């Protein structure tokens, strides 16, 4: 990016398209209940030329972890059906093994369970019958060797959130998409957060395309990008949620209101919300959420220490400054047509800094 002076946010957002950072994006900046900036740029699909609009629905990827799975865990803690200290082995007998019987809900939420970051389970699962894949994935999760003892080290792990979804579904006797819709989204009037592999949105939506997938041999539109989540019709705890920027904002704003004792998050109390949004003792994350790193934070330089957020592999993110009540939601399709485009890593913190400089004093 060129220029000698500070770049305006709308110009910088368009520059991201011009520089090939992403084909298209939606950016929403809010302070409390006031939306200060809400714009869309670029293309939702390079093959059809469809534009990105404010209502475009994105594959939110790992934003599923805080916006769906952690929400279900909050609900279960609020209703007393689990505690964050509950051992998984007490909830799922398959985990009552010498290696895994000390893993707790909190370990999984904070990525300190000892599970590795990732395994390409989809390669094996794709070769067996669809109706057998869920049981096989559960077996793989039980058998997966830990890379460290529970509660010792932080390793950001998709696998841990697959286990959390399994816990939630076992307790509720419903799929995680059904639970989060019934208990969180519907009471808040949120219509456009959903899992397209399991349920349809309440209205017609336009999806942002993601990758030209080599093993599925097509450009993905309205189908989850994550390989493991796509292969198994179940356990979507680490990925699979789709949504638009406004719906993400509605959920985050109610979360912030509840944190400040100004509202209730679908019956979830301030005490429970604050528990989840507080940093864990080990690893520098909150329960289901990320917090700004001390150096080279994806959120940039201006978010306070009392902030939470998360990134999604497809090019999605949100950051929420609980102290200053700032919310920035940045949704892109940066993996369209290829996941090899990683330029967003350096662009994103600069965009956040630009937004905070322009709006934090308003």
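The values are calculated or read from the model by the stated rules, or taken from the named source; none is laboratory data. The shown structure was predicted, so the numbers you read here are calculated from the model rather than taken from an experiment. Every residue, glycine among them, receives a Cβ derived from its backbone with ideal geometry; neighbour counts consider all protein chains shown.
The residue of region 127-162 that is farthest from residue 70 (Cα to Cα), among those that are in contact (Cβ under 8 Å) with a residue 12 or more places away in the chain, part of a loop (DSSP other than H, G, I, E, B) and in contact with a helix residue (DSSP H, G or I) (Cβ under 7 Å, 6 or more places away or on another chain), is 144. A count restricted to region 179-212 and to residues that are surrounded by 15 or more Cβ atoms within 10 Å (Cβ to Cβ) and either touching a helix residue (DSSP H, G or I) at 6+ places or on another chain (Cβ under 8 Å) or closer than 18 Å to residue 54 by Cβ (or both) stands at 20.
One line per residue, one yes/no per condition, for (1) in contact (Cβ under 8 Å) with a residue 60 or more places away in the chain; (2) assigned to a loop (DSSP other than H, G, I, E, B):
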position	(1), (2)
10	no, no
13	yes, no
16	yes, no
38	yes, no
45	yes, yes
53	yes, yes
65	yes, no
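Given the criteria in contact with a strand residue (DSSP E or B) (Cβ under 7 Å, 6 or more places away or on another chain), at pLDDT 95 or above and at negative phi, does residue 209 qualify? Taking the combined requirement at face value, the residue satisfies it. Per the listing 102, 119, the residue uniquely modelled with pLDDT of 95 or more, surrounded by 15 or more Cβ atoms within 10 Å (Cβ to Cβ) and either in a helix (DSSP H, G or I) or within 23 Å of the chain's Cα centre (by Cα) (or both) is 119.
Selection over region 196-209 of residues that are in contact (Cβ under 8 Å) with a residue 24 or more places away in the chain, within 20 Å of residue 246 (Cα to Cα) and either part of a loop (DSSP other than H, G, I, E, B) or over 18 Å from the mean Cα position of the chain (by Cα) (or both) gives a count of 6. Contact map, region 247-258: first residue free of Cβ contacts under 8 Å to residues at least 60 places away in the same chain, second residue surrounded by 22 or more Cβ atoms within 10 Å (Cβ to Cβ) and assigned to a helix (DSSP H, G or I), Cβ cut-off under 8 Å, separation 6 or more or different chains; pairs are 258/273. If you filter region 281-301 down to residues that are assigned to a loop (DSSP other than H, G, I, E, B), crowded, with 21+ Cβ neighbours inside 10 Å and in contact (Cβ under 8 Å) with a residue 40 or more places away in the chain, you find that the one that is farthest from the chain's Cα centre (by Cα) is 299.
Scanning region 301-319 for residues that are in contact with a helix residue (DSSP H, G or I) (Cβ under 6 Å, 6 or more places away or on another chain) and farther than 29 Å from residue 227 by Cβ returns 301, 302.
The residue that is surrounded by the most Cβ atoms within 10 Å (Cβ to Cβ), counting only those in region 79-94 that are in a helix (DSSP H, G or I) and touching a residue at least 12 places away in the same chain (Cβ under 8 Å), is 88.
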